[in-house]
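**Student:** Have a look at this one.
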Amino acid sequence: MKKSRKKYSKEFKRKAVELSNVRGDVREISEELGINPNLLHRWRREFSADPDLAFSGNGKKQQSPEEEEISRLKKQLK
């Protein structure tokens, strides 16, 4: 039987990251929230890299305006 994948909202992820930063114990927070500690660590890394672009959803990374321009120009070159 195939397990369905859980989806978490952007707001849930942000709150989980904030809570883990304040309290510091990732394992305890992840148990309280019912998520894997590795998932919370990944969310923290993504958020610390660029809070504005974190948690874009559906596997599509949000791009900064510069990255969008580079992508557009690469498509033109092809």
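The values are calculated or read from the model by the stated rules, or taken from the named source; none is laboratory data. Quick caveat: nothing in here was measured; it's all calculated off a predicted structure. Reconstructed Cβ throughout: ideal geometry from the backbone, glycine too, with neighbour counts over all protein chains shown.
**Student:** Need pairs with beta-carbon distance below 8 Å; first residue surrounded by 13 or more Cβ atoms within 10 Å (Cβ to Cβ) and within the stretch 19-36, second part of a loop (DSSP other than H, G, I, E, B); sequence gap 6+ or separate chains.
**Tutor:** Every condition considered, the pairs that remain are Ser30/Asn36; Ile35/Tyr8.
**Student:** Consider the stretch 2-17. How many of its residues are without any contact (Cβ under 8 Å) to a residue 24 or more places away in the chain and surrounded by 12 or more Cβ atoms within 10 Å (Cβ to Cβ)?
**Tutor:** 2
**Student:** Against the condition under 28 Å from Glu18 (Cβ atoms) and modelled with pLDDT under 80, how does Pro37 come out, does it pass?
**Tutor:** Numbers: under 28 Å from Glu18 (Cβ atoms): yes; modelled with pLDDT under 80: no.
Considered against the rule, which asks whether it is under 28 Å from Glu18 (Cβ atoms) and modelled with pLDDT under 80, Pro37 comes out as no.
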